[in-house]
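Data block below; observations after.
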Amino acid sequence: MMVEEGGRSVVVLAANEEDAERVSGWLRSALPELKVRLQLAAFMTSFEFGEAFLVAWSNALSSMPDRKAIESAAVAAWAENRLLLVALDDTPLPLGLADLPVVPVGASGHDLASGLDTLLASPSPDPVTDGFVAPGPLPTSVGTRKASRRSGGWASLLLVLGLLLGIAGLAVFFALPSGPGLSAPPPWVSGLLVGLALGLGITLGVVGTLMMRPFATPPHRLTAPPVTLPAPALGAKRSAFVSYAHQDRTLVDPIVAGLVKTSVEPWMDKRIQAGTQWAGAIVDALQRAEIVLVFCSVHAYASNHVKREVYLADRYGKPLIPVLLDTSEPPADFAYFFATQQHIAVHDVTDPVATVVAALA
């Protein structure tokens, strides 16, 4: 449902129609000129560049099967300075979103509208920065889920029809009269009927099976990360974004200092100058980076900003290189992104700096 007046718009992502209508009602009462697009999480599609993205967080939304896609979309909107989080109940926000501003439970519609008004008045980031394309619509795996479900339904129907026609063909073959005194049709007629039924049944069955294959396991990954590192130009340094938890600073700093002396040009958040918009600086550095070093530890796995950086690096197609600072096992969200990546373990070596430098040489 859309309100057509005005030029500003917002996508309201909610778990169900009741929550979506509840939030949109608040918005329309305070900002009647606003275009509101309701988006149910089960059928999430892309949001256009420049639209505000309002996530109505609730227990129902946190329980959705596609929560990873929801979180990824929210992080992408945060990177574009277009995210507004609204808490409909006291369900905790997930890691990666938990430290971001949120309109709390019980807030009035005017409080919500005020936060949205500020968001819409903020400048939009440039969609292209130094040749890197900023995050735009959601990936196909998320944006076409509704169409995928519809196509999967037609595939199932074709498969069932094919099976029924095949059974009907066999039934006709065995039911044809063949005893004395019975008027059986000419052999060519019965053969034609059976052949048509079986042929059509097999065809529909094969088509239905082929159509169902892409939807049997819907993809959730935003992009498939490259498995090989890009080679720097002759004499040039390979730019590397450094993602780490601040509690690990004493372990990370010596390694980064060692990389500066090599062909790797590391970037850390300590380069963000006072007054710089945090999300914009992180996004710009990630887009410029050729590789992303993720310093993994029990602290990193509990860090909101590390999780956001991993999501965005994957979205931008950057190679992720886990550097293991301890022996802690990565939680599911991190393990998902590191599954195909070769790691660098420095927790059990005498010279961590030399180990990382040698691995990246």
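Bear in mind that the values in this text are calculations on the coordinates, not laboratory data. Remember, predicted model here, so these are calculated numbers, not experimental data. Note: ideal-geometry Cβ built from the backbone for every residue, glycine included; neighbour counts use all protein chains shown.
Quick one: which of Lys68/Lys270; Lys68/Lys318; Lys68/Lys237 span more than 26 angstrom between C-alpha atoms?
Lys68/Lys270; Lys68/Lys237
Could you tell me the calculated FRET efficiency between Val260 and Ala98, based on Cβ-Cβ distance and R0 = 35 angstrom, to the nearest 0.05?
With a Förster radius of 35 Å, E is 0.60.
Would you mind ranking Leu164, Leu293, Leu325 by Cβ crowding within 10 Å, fewest neighbours first?
Ordered by Cβ neighbours within 10 Å, fewest first: Leu164, Leu325, Leu293.
Along the range 356-361, what does the Karplus equation 6.51 cos²θ - 1.76 cosθ + 1.60 (θ = phi - 60°) give for ³J(HN,Hα), rounded to whole Hz, x for Gly and Pro?
5, 4, 5, 5, 9, 5
Return Met44, Met268 ranked ascending by Cβ neighbour count within 10 Å, so the fewest neighbours appear first.
Met268, Met44
If you stretched the chain out fully between Ala42 and Asn81, how much longer would it get, using 0.36 nm times the residue separation minus the C-alpha to C-alpha distance?
The span from Ala42 to Asn81 would gain 11.6 nm if fully extended.
With contacts defined as alpha carbon pairs under 8 Å and 6 or more residues apart, what's the relative contact order of the range 307-352 in percent?
42
Of the GluC sites (Glu not before Pro) in the range 10-86, which ones lie in a loop per DSSP and count no more than 16 other C-beta atoms within 10 Å?
The qualifying sites are Glu33, Glu48.
For the pair Asp89/Asn59, report the inter-label distance in nm, with labels modelled 7 Å from Cα in the Cβ direction.
Going by the 7 Å Cα→Cβ label model, 0.3 nm.
Subtracting the Cα-Cα distance from 0.36 nm times the residue separation, let me have the gained length for Ala339 to Ala361 in nm, one decimal.
Values: separation 22, 0.36 × 22 = 7.92 nm, distance 2.24 nm.
My answer for the length gained is 5.7 nm.
Compute the Cα gyration tensor for the range 7-91, then decide on rounded, prolate or oblate, letting a ≥ b ≥ c be the square roots of its eigenvalues: rounded whenever a/c is under 1.5, prolate when a/b is larger than b/c in the other cases, and oblate in all that remain.
Oblate.
Peptides 59-70, 343-354: what's the order by average Cβ count within 10 Å, highest mean first?
Working: 59-70: 16.6, 343-354: 14.7.
Highest-to-lowest ranking by the protection proxy: 59-70, 343-354.
Sorted by mean Cβ packing within 10 Å, highest first, what order do the peptides 257-265, 23-31, 81-89 take?
81-89, 23-31, 257-265
Once you sort the root eigenvalues of the Cα gyration tensor of the range 285-361 as a ≥ b ≥ c, which label holds: rounded (a/c under 1.5), prolate (a/b larger than b/c) or oblate (the other case)?
Oblate shape, in that a/c is at least 1.5 and b/c is the bigger or equal ratio.
Could you list Trp78, Trp267 in order of exposure, starting from the residue whose Cβ has the fewest other Cβ atoms within 10 Å?
Trp267, Trp78
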